[in-house]
Amino acid sequence: MEFLLQTPTVGYTPAELAAETGIPRGSIGPTLQRLAAAGLVRHKEPYWAAAEDDRIAAATAAFLGIEATAARYTDDWYAQNEDWAEELPDLSEDEQ
């Protein structure tokens, strides 16, 4: 899905998707079928492309925002300390 979103107006064959993404060819077809059932991709034989769907636009915007933030703050304390999450207190359900 991420690859298809990079060029949403271009369709790809399953073989092209496998070559471009490194995902095994046998996994591409079933994955595309599940994405189509969810309305996230469109298919016109033999090509597959990202569907025009508000959910995809929202997911893309969120993804791009995360990438932009990560690129901007690659030198902050959290980026330099991979174990930062281990320092968080363990809250039980009663304390939340």
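The values are calculated or read from the model by the stated rules, or taken from the named source; none is laboratory data. This one's a predicted model, so the numbers in the text were calculated from it and none came from an experiment. Virtual Cβ from ideal backbone geometry, glycine too; neighbours counted across all protein chains shown. Just so you know, the surface numbers come from the protein's heavy atoms only, side chains and all, with ligands and any DNA or RNA stripped out. Shrake-Rupley method; radii C 1.70, N 1.55, O 1.52, S 1.80 Å.
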Okay, helix-only estimate at 222 nm for the chain: each DSSP H run of n ≥ 4 adds -39500 (n - 2.57), divide by all residues, round to 500 deg cm²/dmol; what do you get? -15000 deg cm²/dmol
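For the range 4-96, what does the relative contact order come out to in percent, with C-alpha contacts under 8 Å and a separation of six or more? Don't skip to the answer; put the middle values down first.
Details: 58 pairs, mean separation 21.5, N = 93.
Taking the mean separation of contacting Cα pairs over the length of the range 4-96, I get 23 percent.
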Find, among the chymotrypsin sites (Phe, Trp or Tyr not before Pro) in the range 1-74, those assigned to loop by DSSP (not H, G, I, E, B) with at most 13 other beta-carbon atoms within 10 angstrom. Y73
Taking the chain as the reference, fit the longest principal axis to its C-alpha atoms, fit the long axis of helix 25-37 to the helix C-alpha atoms, and give the angle between the two in degrees, 0 to 90, nearest 10. 90 degrees
Leaving out ligands, DNA and RNA but keeping every protein chain, what accessible area does R42 have, in Å² rounded to the nearest 10, with a 1.4 Å probe? 100 Å²
As I understand it, the dipole of the chain uses +1 on the Cβ of Lys and Arg and -1 on the Cβ of Asp and Glu, about the Cα centre. Which of Y78, A62, A38 lies farthest toward its positive end? A38
Pick from A61, A36, A85: which is most flexible by mean-square fluctuation in a GNM of the chain where alpha carbon atoms under 10 Å apart are linked? A85
What angle do you read, to the nearest 10 degrees and between 0 and 90, between the alpha-carbon axis of helix 54-72 and the longest principal axis of the chain? 50 degrees
Counting only Cα, what are the radius of gyration and maximum Cα-Cα distance Dmax of the chain, in Å? 18.7, 55
Label A85 and V10 with points 7 Å out from Cα along Cα→Cβ: what is the distance between them in nm? 3.3 nm
